[in-house]
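Have a look at the structure below, then the notes.
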Amino acid sequence: MKEWMGKIRTLSLFSLMVLLLSACGKENLTTFIPKGYGAEESLNVITISTIVMTAVFIVVMVIFIYVVWKFRQKKGEENVIPKQVEGNKTLEIVWTVIPILLLIIIAVPTILVTYDLADQSEIDDSITINVTGKQFWWHFEYANEEIQTSQDLYIPVGEKIYLKMLSSDVIHSFWVPALSGKMDVNPDNENTMYIQAHEEGVYWGKCAEFCGDSHSLMDFKIIAVSKEEYAQWVEDLQNVTADVQPETTTAQEGQAIFEQSCIGCHAIDNTPSAGPNLSNFGDRTTIAGVLEHNEEELVEWIMDPNSKKPGNGMLGAPYLQNKGEITQDDAEKIAEYLMQLKPSEITPNSAQ
Amino acid sequence: MSTMVATNKRSFGSTLWDYLTTVDHKKIAIMYLIAGGFFFIVGGLEALAIRWQLVKPMNDFVSAGLYNELITMHGTTMIFLAAMPLIFAFMNAVVPLQIGARDVAFPFLNSLGFWLFLFGGILLNVGWITGGAADAGWTAYAPLSIISPGEGVDYYVLGLQISGAGTLIGGINFLVTIVNMRAPGMTYMRMPLFTWTAFVASALILFAFPALTVGLFLMMFDRLFGSGFFDPNMGGNAVIWQHLFWIFGHPEVYILALPAFGIFSEIISTFSKKRLFGYSAMVFATVLIGFLGFMVWAHHMFTVGMGPAANSIFAVATMAIAIPTGIKIFNWLFTLWGGNITINTAMLYSLGFIPTFTMGGMTGVMVAAASADYQYHDSYFVVAHFHYVIVGGVVFALFAATHYWWPKMFGKILNETLGKITFWLFFIGFHMTFFIQHFLGLMGMPRRYWVYLEDQNLDLGNAISTVGAFLMGLGTIVLLYNVVITSVKGEKVGPDPWDARTLEWAIPSPPPFYNFKQLPLIRGLDPLWIEKTEGRSGMTPAEPIGDIHMPNNSILPFVMSLGFFIAGFGFIYQKYDAIWLSLIFIGMGIALGAMLTRSIKDDLGYHIHKEDLEKEAKE
């Protein structure tokens, strides 16, 4: 009997935990469970201001409920004329001065954190990544390491990583809620921010500035791995070349088609490209930022990218203009080729 | 000659002509009410489509392109074509009566302002039927708005330009009216708070709208004539648009919110049967909010990359606005304190407003904290915040004003039971829709997302939000039914059905077209209340009965606006083919011709003769 009660208790405790956690949102996405420096600092300011403002709200509500309950018209008092009061100097001063004090309580940490998050004193000794926002994907260039990658950004845990961000078309905004607040990615001036992950993990990134049809599908990931793993990953990616022969024959055929139809925009080594860099495509967390990472989805994406991500940049690709240049069969070969591009042992699975 | 004819039984044609040509502020108010109400329903239907798309993850109710048009047009319609004109409806209906004036200072311009707004509003929506409305967000950030294909954003630019001119004209008109046309004894510090807020809001219009005008012109050149003001590739600067837009856009919030505060001040004071607590502090707070409203625009741009110094300054300036707003909240609470509170529909909205708007203000201070805003910005938290302010503040005020001033405008009281049903549906629906969105935002849901992915714990919140939105829709349907049923079956009421305090309740409902037979003598704040407490039934006249000078009706404002409307199409389509330039010439020709006619043709108005007024009094 007791055991049974205990089980119920554990179960209800467990389900309460699940409910609470789900109420906070998805881990590694929600701002309520910060996993990085910026998100933590912002959450502190959010918490302070919420507490102060909730206190104000409670005061207002107490007075409000009291007056409505106490002074609402009662039966037989329809014609009672209340005393006509002009105002009260003391009260006016009280509700002017107290809010000023409360605002100072919020303003001080606000300003301290604002300066802290804009700090760039360590930029010269830190990993610096050039981030480019494009409709509707993200490109990352590790300038010093000479690595190009897209969509999945690998960083070492516990270090300040500086991001220099510029857009090549419209305004985007770089937001990894669990790691840090957002910063706009403008076409006219470079913005710099830093991120610092406290734990290893795969973090959701979102575009937060309205940028067109597939604004809601412009997701990316930050993959925070240990420092050793990161060093390994950098070395592996630096050694990527375009002319590696795949093992299977289908993949080799895929490579041939890829080199004919796709290489104009995509790169599979560390050269700059108009479209996303695909050198570690086989290790990507998703296809195009939002689709499940499997060959079936990839084939569908190649054949009809507009249905997956309306208005995306691939719609102008020559193979989509000349119907039949790439058949379903070809797409399957390309998919097999791309899926075996795994230049590094370090993958999203390493981030735990 | 006199034109005092009983106007009850007239043909539809002559009624229509009367409204097309009218310069009477009361009729213009009714037109603003109808047009604003129509656009409110359009914007509401767009909102319901948005919420239905978001009812479940990866929904495909509308396409991405259509969704972007819906969000853009929902925002633009609600702000410019619903909230603004509805505020103008009540300013027109009430302000001249509250200050004891026979009309606004420039009745002709008043009519012009309305027709410009209406034709601009129609032009904005033409995109729906010509292959796509504006789709770059109601803020139309460059360069997205510059590269948006089709004519949608062109309609946005031209439509807003025309209706914005109407608003600017309206604002100037009310400034001059309030400065010049107050009845004898109506000093500034005896003006009712609604008039005060209308006054400050008009000043804000005067200073804020030119920034929008400039921005829209630059955008028009960029889109239609190949300039590059906002195009970084041509040496332009995209961020400048954001500054121009928000230098207008932030005061715009107060242009809407201040008159809303005025409406609540009138209603709370009337139904508590008490003088407004701390009247002079309320006036001071109104002016201060208006002033500070111009100092804070960049808090919409904390993530743009302005640097920590600018962000901190704008954060603190923004927080400062909470102080005068707090003063207002407490003054309302203490107006209620010790009162004899009647809770009817108008009062329900006012009471519902206090906690709702306080929450909007709370989150306002929270988003003002720049370093916290990095998380809130462009997420559903911000969507929740501004709906708490604009629906909880402005829409509640408009609904309250509808119930409060309906008898003055139409001579009948809206059905109270239906009114209360609307309130509860709308109030509960509102909080259901938007409260949860604070959390959705912080859980990682950015704003303007056409779809959200599965398995991100956003499903439940969005589903609840959608249900709430439909409750609000239901409430609005009940309100419409209420308006119809009251018009058909409602009973006529006298001049002062609420036992109210201000001047508009001293004259018949609806008022005669000349408002006041004799201008009243104002002896203090709440002039009618003063007379009533001294045992008189109405105002003491400040002048003997005499001839009343009235303006003539004119079709010219309608013609002028039509001309600009036609020219708008020419400006847009000339980008495809120069033949369309002809429309610019035709349209501008009509508009300028109408202006010329107005300028060279003397229009001195007419007089209602003393004898007619006396004869009418005997009947």
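The values are calculated or read from the model by the stated rules, or taken from the named source; none is laboratory data. Model, not experiment: these values are computed from the prediction. When we count neighbours, we look across all protein chains shown, and the Cβ atoms used for this are built from the backbone with ideal geometry, even at glycine.
Tabulated data for the structure shown
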| item | result |
| --- | --- |
| Residue check, residue B:401 of a type in the set (A, V, I, L, M), crowded, with 23+ Cβ neighbours inside 10 Å, within 14 Å of chain A (Cβ to nearest Cβ) and touching a residue at least 24 places away in the same chain (Cβ under 8 Å) | no |
| Options A:111, A:98, A:93, A:105: the member that is in contact (Cβ under 8 Å) with a residue 40 or more places away in the chain, in a helix (DSSP H, G or I) and β-branched (Val, Ile, Thr) | A:105 |
| Residues being small (Gly, Ala, Ser), buried (at least 24 other Cβ atoms within 10 Å of the Cβ) and more than 7 Å from every other protein chain (Cβ to nearest Cβ) - total across segment A:189-239 | 3 |
| Criterion violated by residue B:561 - all others in (1) crowded, with 20+ Cβ neighbours inside 10 Å; (2) modelled with pLDDT of 95 or more; (3) closer than 25 Å to residue B:275 by Cβ satisfied | (3) |
| Candidate set: segment A:122-148, residues that are among the polar types (S, T, N, Q) and within 21 Å of residue A:170 (Cβ to Cβ); chosen: the one modelled with the lowest pLDDT | A:135 |
| Unique residue being among the β-branched types (Val, Ile, Thr), part of a helix (DSSP H, G or I) and either crowded, with 19+ Cβ neighbours inside 10 Å or at positive phi (or both) when the list is A:334, A:326 | A:334 |
| Test for residue B:251: is it in contact with a Leu (Cβ under 8 Å, 6 or more places away or on another chain), crowded, with 19+ Cβ neighbours inside 10 Å and not polar (S, T, N, Q) | yes |
| Search result, residues across segment B:404-435 that are in contact (Cβ under 8 Å) with a residue 40 or more places away in the chain and either within 13 Å of another protein chain (Cβ to nearest Cβ) or under 30 Å from residue A:27 (Cα atoms) (or both) | B:429, B:430, B:431, B:433, B:434, B:435 |
| In segment A:148-188, residue farthest from the chain's Cα centre (by Cα) [restricted to those that are facing chain B (nearest Cβ under 10 Å) and acidic (Asp, Glu)] | A:188 |
| Test for residue B:480: is it away from chain A (no Cβ under 14 Å) and in contact with a helix residue (DSSP H, G or I) (Cβ under 7 Å, 6 or more places away or on another chain) | no |
| Residue match in segment B:314-334 (condition: within 10 Å of another protein chain (Cβ to nearest Cβ), farther than 17 Å from residue B:262 by Cα, surrounded by 23 or more Cβ atoms within 10 Å (Cβ to Cβ) and in contact with a Phe, Trp or Tyr (Cβ under 8 Å, 6 or more places away or on another chain)) | yes |
| Complete set of residues in segment B:447-477 that are facing chain A (nearest Cβ under 9 Å) and within 25 Å of the chain's Cα centre (by Cα) | B:447, B:448 |
| Residue A:58 being surrounded by 12 or more Cβ atoms within 10 Å (Cβ to Cβ) and in a helix (DSSP H, G or I) | no |
| Subset of segment A:337-349 [buried (at least 19 other Cβ atoms within 10 Å of the Cβ) and in a helix (DSSP H, G or I)] | A:337, A:338, A:339 |
| Residue within segment B:391-412 that is within 28 Å of residue B:265 (Cβ to Cβ), among the charged types (D, E, K, R) and in contact with a Pro (Cβ under 8 Å, 6 or more places away or on another chain) present | yes |
| Any pair with Cβ under 6 angstrom, 6 or more apart, that starts in segment A:334-352 at a residue that is within 22 Å of residue A:255 (Cβ to Cβ) and in contact (Cβ under 8 Å) with a residue 60 or more places away in the chain and ends at one that is part of a helix (DSSP H, G or I) and among the polar types (S, T, N, Q) | A:336/A:250; A:337/A:255 |
| Residue satisfying condition, being modelled with pLDDT of 95 or more and closer than 15 Å to residue B:502 by Cβ, within set B:195, B:213 | B:195 |
| Residue in segment A:115-132 that is more than 9 Å from every other protein chain (Cβ to nearest Cβ), crowded, with 19+ Cβ neighbours inside 10 Å, among the β-branched types (Val, Ile, Thr) and part of a loop (DSSP other than H, G, I, E, B) present | no |
| Options B:538, B:444: the member that is more than 14 Å from chain A (Cβ to nearest Cβ), in a loop (DSSP other than H, G, I, E, B) and among the small types (Gly, Ala, Ser) | B:538 |
| Qualifying positions in segment B:468-482 - surrounded by 20 or more Cβ atoms within 10 Å (Cβ to Cβ) and within 18 Å of residue B:405 (Cβ to Cβ) | B:479, B:482 |
| Residue B:35, sole failed condition from (1) within 22 Å of residue B:389 (Cα to Cα); (2) touching a Pro at 6+ places or on another chain (Cβ under 7 Å) | (1) |
| Test: residue A:104 is loosely packed, with under 12 Cβ neighbours inside 10 Å, modelled with pLDDT of 95 or more, under 21 Å from residue A:51 (Cβ atoms) and out of contact with any Asp or Glu (no Cβ under 9 Å at 6 or more places or on another chain) | yes |
| Residues satisfying the stated conditions in segment B:210-240, i.e. surrounded by 24 or more Cβ atoms within 10 Å (Cβ to Cβ) and of a type in the set (Phe, Trp, Tyr) | B:230 |
| Looking only at segment B:127-153, and only at residues there that are crowded, with 24+ Cβ neighbours inside 10 Å and assigned to a helix (DSSP H, G or I), the one that is farthest from the other protein chains (Cβ to nearest Cβ) | B:127 |
| Matching residues, segment B:264-299, being within 11 Å of another protein chain (Cβ to nearest Cβ) and among the charged types (D, E, K, R) | B:273, B:274, B:275 |
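Rundown of residues vs (1) surrounded by 24 or more Cβ atoms within 10 Å (Cβ to Cβ); (2) without any contact (Cβ under 8 Å) to a residue 60 or more places away in the chain, yes/no style:
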{"residue": "B:346", "(1), (2)": "yes, no"}
{"residue": "B:351", "(1), (2)": "yes, yes"}
{"residue": "B:357", "(1), (2)": "yes, yes"}
{"residue": "B:363", "(1), (2)": "no, no"}
{"residue": "B:368", "(1), (2)": "yes, no"}
{"residue": "B:376", "(1), (2)": "yes, no"}
{"residue": "B:381", "(1), (2)": "yes, no"}
{"residue": "B:390", "(1), (2)": "no, no"}
